[in-house]
Amino acid sequence: MSRDQVQPAERSTRSAEAPFLELLARGASAEAYEQPVLLARLKEQSPQRIAALEHAKELALRVRSEIEGRRRREAELSALFETAHDLAGLRDLDAVLQAIVQRARSLLSTDIAYLSLNDSERGDTYMRVTEGSVAARFQQLRLGMGEGLGGLVAQTARPYVTDDYFKDDRFQHTQTIDAGVHDEGLVAILGVPLMIGHHVIGVLFAADRRARVFEREEIALLGSFAALAAAAIDTANWLAETRSALARLAGANEIIRDRSAVIERASDVHDRLAELVLRGGGVHDVAAAVAEVLDGTVGFAETADAPGAALETSRAEGHAVRHGDDWVAAVSAGGELLGALVLRGHPGLDPVDQRTLERAAMVTSLLLLARRSAAEAEQRVRGELLDDLLDARDRDPRLLRERAARVDADLEATHVVLAARLEGTACDADQEAAARRRLWSAASHLAATRHGLAAARDGGTVLLLPLDRDDTATDLARRTARQLGTAVHEAVTVGASAPVGDLAARPDVVAAAYAEGQRCLEALRLLGRAGDGAAAEDFGFLGLLLAGDRDITGFVERTIGKVVAYDERRGTDLLRTIDAYFASGMSPARTKDDLHVHVNTVAQRLERVGSLLGEDWQSPARALEIQLALRLHRLSSAAQH
């Protein structure tokens, strides 16, 4: 195709992208992206123009979806951090609870949000705060334990959700509750428990006046708000108890001064923790802040490194527990144990300092969840880019390079494609799926640290990693198998392709390299080398026998490709010299007779061959491979001519 033909096509593509870039710039609705295509159809523009607009529309909608997802996650984290800040400076419980309900309603985009608290004396739960409610009877509802959705949440300490309350027979419907729900016009309801330790103190709700399916992320987000609300209530109760105690000890000035100092210290650490969250501090920053306030040594311990019995007790009770001269506060979220904060060498700890350690553990869990969310989002972006390269859906080199740059990857560097698969035998489908997720997570982490890409594929994982200058594909495959196996505690087999480059301009080579890596992986398993790593270059002609798809061209290129290229560039006869050398029984004297050249010429040519193929090229194994490659090359050349 001539340059004159290419340039109009490029201008057509750019002109097709322009209206959608304007829509992205002004934040238009998803429906607006159909208008440029519809206008083109009405104007009866060419099919090529309409196809270009359709393609640009799909890309723009994907970008818009990614932007909206990021904005939503940022809004959710911002709301959680703001609520944590309100909690740290808690003075008015009603105001904090109202803010939690308002933010929950706003982020989940529901018609109404409300919060109920349990009444231990009456044995029921009552409405405490509402946002968006219009019915007086609904705002004054009281639910018996087990009655309605809220009563069931309060009784079982588990989240419940219904997309149509009146059609849902899982709940105990009563006339009073149904009348209040009917007055409010509610249809879809989500309720999550407010927990202090393992005790339920109330329920946080989000509801719509239309049928709606609440997603898992929305349930988790409401659960996070419920945890903050429970902490606010617990802190308020604790402050109330403290004020009562101070009132009873009004005559004891020394005790009052000591208690005030403790409260100020707790308030100080809460403010400092909130500041750490808002400025993006890390887990070790939290530990350092608490250590300074409590005048001790505080560290974060992974689950495997924390005292087991004390850690489980702390998680079950929701409080810091003493372990010898140390105190252990479990760091958990949604039932998942993430680690622990350990205060060392501090056997005497008053209740206020104990609660300070517990609050620090809660803030630590929020930070870990935020980091995990960001890491998972980056993993998905890396996986989507590699999927696109493997499927060759997006052939625009500029766009591919830009997407790679956003995750700190360089598609112009030399890479190796690696196929990885677990070798453990899972007992059931759930365990096998969990093992594959662990492999994908470990591969994604490795890819991120190596500036590469990773994606789950064909029951295993595929990685695209840059190749260091002094490294080989074999070294990289073996090292990757070892690192992934250590990370998932199971044997992992890794097959690697030959090095490939210029991936942005030739995305189709990634799929071919992946197929080569899969063949190497299968060859390893057939040879009984499961849990090892190898590249195509390790198998030689044996790889041709073991592979399902005979890569003859690749074998010839890997074996004698340098000699073929040298002859083509220099016009030499190295290839014919090797052939004659082997045909004469590796005798230079007989070789020179066959070629009608001087024996010194033969020696010089063989020396050049050695510099191209390596000093061991005449060893039995290498010689066999080279002779096979020569035969295949001759057959291929004869077929082409």
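The values are calculated or read from the model by the stated rules, or taken from the named source; none is laboratory data. The structure presented is a predicted model; accordingly, all values stated were derived computationally and were not measured. Reconstructed Cβ throughout: ideal geometry from the backbone, glycine too, with neighbour counts over all protein chains shown.
Looking only at residues in region 119-169 that are assigned to a loop (DSSP other than H, G, I, E, B) and acidic (Asp, Glu), which one is nearest to Gly223 (Cα to Cα)?
Taking region 119-169 first, the residues assigned to a loop (DSSP other than H, G, I, E, B) are 120-123, 132-135, 140-141, 145-146, 157-159, 163-164, 168-169.
Within this subset, residues satisfying the condition of being acidic (Asp, Glu) are 121, 163-164, 168-169.
Values: Glu121: 26, Asp163: 18, Asp164: 21, Asp168: 22, Asp169: 24 Å.
That would be Asp163.
Out of region 91-135, which residues are more than 34 Å from the chain's Cα centre (by Cα) and in contact (Cβ under 8 Å) with a residue 40 or more places away in the chain?
Kept after step one, since they are more than 34 Å from the chain's Cα centre (by Cα), are these residues of region 91-135: 91-95, 116-135.
Once the filter is applied, which keeps residues that are more than 34 Å from the chain's Cα centre (by Cα) and in contact (Cβ under 8 Å) with a residue 40 or more places away in the chain, region 91-135 yields Leu93, Ser116, Leu117, Asn118, Thr125, Arg128, Ser133, Val134, Ala135.
Looking at region 558-577, can you tell me whether even one residue there is in contact with a Gly (Cβ under 9 Å, 6 or more places away or on another chain), under 27 Å from Ala512 (Cα atoms) and in a helix (DSSP H, G or I)? Give the steps one after another, and end with the answer.
Filtering region 558-577 down to residues in contact with a Gly (Cβ under 9 Å, 6 or more places away or on another chain) leaves 558-559.
Still in the list and also under 27 Å from Ala512 (Cα atoms): 558-559.
From what is left, the residues that are in a helix (DSSP H, G or I) are 558-559.
Yes, some residue in region 558-577 is in contact with a Gly (Cβ under 9 Å, 6 or more places away or on another chain), under 27 Å from Ala512 (Cα atoms) and in a helix (DSSP H, G or I).
If you take the residues of region 515-562 that are under 21 Å from Gln618 (Cα atoms) and among the acidic types (Asp, Glu), which of them is modelled with the lowest pLDDT?
Glu537
For region 424-460, name all the residues that are part of a helix (DSSP H, G or I) and over 18 Å from Arg478 (Cα atoms).
Listed by number, the residues that qualify are Ala429, Asp430, Gln431, Glu432, Ala433, Ala434, Ala435, Arg436, Arg437, Arg438, Ser441, Ala448.
Starting from residues that are free of Cβ contacts under 8 Å to residues at least 40 places away in the same chain and within 19 Å of Asp408 (Cα to Cα), keep the ones in region 447-501 and report whichever is surrounded by the fewest Cβ atoms within 10 Å (Cβ to Cβ).
Residue satisfying both the conditions and the ranking: Arg469.
Report, by residue number, each residue of region 206-240 that is within 21 Å of Ser133 (Cβ to Cβ) and either over 29 Å from the mean Cα position of the chain (by Cα) or surrounded by fewer than 16 Cβ atoms within 10 Å (Cβ to Cβ) (or both).
Passing the criteria: Ala207, Asp208, Arg209, Arg210, Ala211, Ala232, Ile233.
Looking at region 330-341, is at least one residue touching a residue at least 24 places away in the same chain (Cβ under 8 Å), in contact with a Gly (Cβ under 9 Å, 6 or more places away or on another chain), among the small types (Gly, Ala, Ser) and not in a strand (DSSP E or B)?
Checked against the condition, which is being touching a residue at least 24 places away in the same chain (Cβ under 8 Å), in contact with a Gly (Cβ under 9 Å, 6 or more places away or on another chain), among the small types (Gly, Ala, Ser) and not in a strand (DSSP E or B), region 330-341 yields at least one hit.
Can you find even one residue in region 461-480 that is within 28 Å of Arg401 (Cβ to Cβ), in the same structural domain as Arg401 (by TED's automatic domain parsing), part of a helix (DSSP H, G or I) and touching a Cys at 6+ places or on another chain (Cβ under 8 Å)? Before the answer, list the steps.
Let us first name the residues in region 461-480 that are within 28 Å of Arg401 (Cβ to Cβ), namely 461-473, 475-477, 479-480.
Next, only the ones that are in the same structural domain as Arg401 (by TED's automatic domain parsing) stay: 461-473, 475-477, 479-480.
Add one more test, that the residue is part of a helix (DSSP H, G or I), and what stays is 473, 475-477, 479-480.
Retained after the next criterion (residues that are touching a Cys at 6+ places or on another chain (Cβ under 8 Å)): 477.
Yes, there is a match, as at least one residue in region 461-480 is within 28 Å of Arg401 (Cβ to Cβ), in the same structural domain as Arg401 (by TED's automatic domain parsing), part of a helix (DSSP H, G or I) and touching a Cys at 6+ places or on another chain (Cβ under 8 Å).
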